[in-house]
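Written below as structure tokens is the structure these notes are about.
The values are calculated or read from the model by the stated rules, or taken from the named source; none is laboratory data. The model shown is predicted, which means the values in this text are computed figures rather than measured ones. Neighbour counts run over all protein chains shown; Cβ positions are idealised from the backbone, glycine included. Heads up: the accessible areas ignore ligands, DNA and RNA and are worked out on the full protein's heavy atoms, side chains in. Shrake-Rupley method; radii C 1.70, N 1.55, O 1.52, S 1.80 Å.
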Amino acid sequence: MATWKIDPSHSDVQFKVKHLMITTVTGQFAKFDATMETTGNDFSTANITFEADVDSISTQNAQRDQHLQAADFFEAATYPKLTFVSKEVKKVDDDNYKVTGDLTIKGNTRPVELNVEFGGEVVDPYGQTKAGFELSGKINRKDFGLTFHATTETGGLLLSDEVRLLASVQMVKQQ
């Protein structure tokens with residue numbers, strides 16, 4: 001078995017949601033951790049765990065970030081972390097995988113499927129083996145108890161229910 005740890009200084013974890021149904025707001029988590037265990041370097045055998053600190057959320061707007069941490073959204077004081085645990089990894093082709101697993105947000109656990117593109121593997125100047133991955137997927141925020149709803153004066157939606165998940169991840173093989 002090989003164990004891989006995320007390199008947070010060379011990774012990012014983002015989400016995107018439509019605002020007023022005309023633009024997209026991007027948020028990210030500054031504090032997160034992930035571990036991947038594989039049989040050798042066969043990523044189709046991966047068991048993946050991930051967690052993010054909800055209080056590290058950033059949308060580049062302090063007032064919005066505070067609202068996202070409040071009860072209307074993530075309720076960070078009660079549910080300080082969101083987690084993902086993989087259940088299955090399917091190799092689609094040489095560079096692409098489908099990862100299914102359980103995502104838990106605000107105490108609600110639902111299955112999700114993520115598309116994963118393998119970016120390659122390299123030994124860095126310090127002798128560490130690193131592997132890169134781009135992940136994407138979609139969830140319905142209401143499935144996870146993120147049910148805040150508001151409409152504009154004309155009856156339009158303030159936020160979409162669909163949230164796109166995006167991550168660019170560099171994993172470091174542990175010695």
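For the stretch 154-163, does any single residue satisfy the condition of being open to solvent by less than 80 Å² (accessible area, probe 1.4 Å), more than 30 Å from residue 21 (Cα to Cα) and touching a residue at least 40 places away in the same chain (Cβ under 8 Å)? Among the residues of the stretch 154-163, not one is open to solvent by less than 80 Å² (accessible area, probe 1.4 Å), more than 30 Å from residue 21 (Cα to Cα) and touching a residue at least 40 places away in the same chain (Cβ under 8 Å), which makes the answer no. Considering (1) open to solvent by less than 40 Å² (accessible area, probe 1.4 Å); (2) among the aromatic types (Phe, Trp, Tyr); (3) more than 25 Å from residue 122 (Cα to Cα), the lone condition that residue 79 does not fulfil carries the number (1).
Yes/no per residue for (1) of a type in the set (Lys, Arg); (2) assigned to a strand (DSSP E or B):
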residue	(1), (2)
16	yes, yes
37	no, yes
65	no, no
82	no, yes
89	no, yes
92	no, yes
98	yes, yes
102	no, yes
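Could you tell me whether the stretch 95-109 includes any residue that is open to solvent by 80 Å² or more (accessible area, probe 1.4 Å) and either in contact with an Asp or Glu (Cβ under 7 Å, 6 or more places away or on another chain) or without any contact (Cβ under 8 Å) to a residue 24 or more places away in the chain (or both)? No. One residue alone among 37, 75, 51 is closer than 18 Å to residue 159 by Cβ and of a type outside the set (S, T, N, Q), and that residue is 75. What number of residues within the stretch 35-62 satisfy the criterion of being under 23 Å from residue 142 (Cβ atoms) and open to solvent by 20 Å² or more (accessible area, probe 1.4 Å)? So the count comes out to 6. Within the stretch 6-34, the residues that satisfy the criterion of being among the aliphatic types (A, V, I, L, M) and open to solvent by less than 60 Å² (accessible area, probe 1.4 Å) are 6, 13, 17, 25, 34. Against the list (1) within 19 Å of the chain's Cα centre (by Cα); (2) basic (Lys, Arg); (3) open to solvent by less than 70 Å² (accessible area, probe 1.4 Å), the condition residue 130 fails is (1). Determine whether the stretch 128-143 contains at least one residue that is in contact with an Asp or Glu (Cβ under 6 Å, 6 or more places away or on another chain), at pLDDT 95 or above and not in a strand (DSSP E or B). No. Report the residue count in the stretch 13-64 for those that are at positive phi and in contact with an Asp or Glu (Cβ under 9 Å, 6 or more places away or on another chain). The total comes to 0.
Conditions tested, residue by residue: (1) more than 19 Å from residue 136 (Cβ to Cβ); (2) at pLDDT below 95.
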| residue | (1), (2) |
| --- | --- |
| 67 | yes, yes |
| 79 | yes, no |
| 85 | no, no |
| 90 | no, no |
| 97 | no, no |
| 102 | no, no |
| 105 | no, no |
